[in-house]
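Each remark here refers to the structure printed beneath this line.
Just so it is clear, none of the values below were taken in a lab; they were calculated from the coordinates. Note that the structure is predicted; figures quoted are calculated from it, not measured. Methodologically, a virtual Cβ is constructed for each residue, glycine included, from the backbone with ideal geometry; neighbour enumeration extends over all protein chains shown.
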């Protein structure tokens, strides 16, 4: 199961670590626990077994792939499930960030317009 409250950044980080380190769950757990993007409340629960279970759940949810399926030895790195998952979650996170920036830009434009209106108004 994916940890309750695990956010998109943490899921993306987990997928990227698996794509980088393979199934070295102790290394992945150590990276997750010390990484500044991971919330403090999740750190104590991110042991190697939990990281493995989270990864399996992500593969199932996002790619409908069973993590226990054998991988053909001729499969290119970019076609590995771990790489596909990392790329998918990375693209989703980039889209979220762009949407967030767009929202802030709209708010900035609105506020700037209000300030400009106040500047143009005659003093009382």
Taking Cα atoms only, helix 81-120 is inclined relative to the longest principal axis of the chain by an angle, in degrees rounded to 10, of 10
Going by alpha carbons, how many degrees (0 to 90, nearest 10) lie between the helix axis of 48-58 and the longest principal axis of the chain? 70
Could you state the angle between the C-alpha long axis of helix 8-21 and the longest principal axis of the C-alpha atoms of the chain, as a value from 0 to 90 degrees rounded to the nearest 10? 40
Taking neighbour counts of Cβ atoms within 10 Å as a proxy for exposure, in what order, fewest first, do 109, 50 appear? 109, 50
Could you work out the relative contact order of the chain? I mean the mean sequence separation of Cα pairs under 8 Å and 6+ apart, divided by the number of residues, in percent. 29
Please order 85, 118 by the number of other Cβ within 10 Å, starting at the fewest. 118, 85
What are the extents of the Cα atoms of the chain along their three principal axes, in Å, largest first? 76, 34, 20
By Cβ neighbour count within 10 Å, fewest first, 40, 33, 18 rank 40, 33, 18
Full-extension gain in nm, residue 119 to residue 60, via 0.36 nm per residue minus C-alpha separation: 15.6 nm
Build a GNM of the chain with springs between Cα atoms under 10 Å: which of 11, 105, 96 gets the top mean-square fluctuation? 105
How high is the FRET efficiency between residue 21 and residue 99 when r is their beta carbon distance and R₀ equals 25 Å, given to the nearest 0.05? 0.25
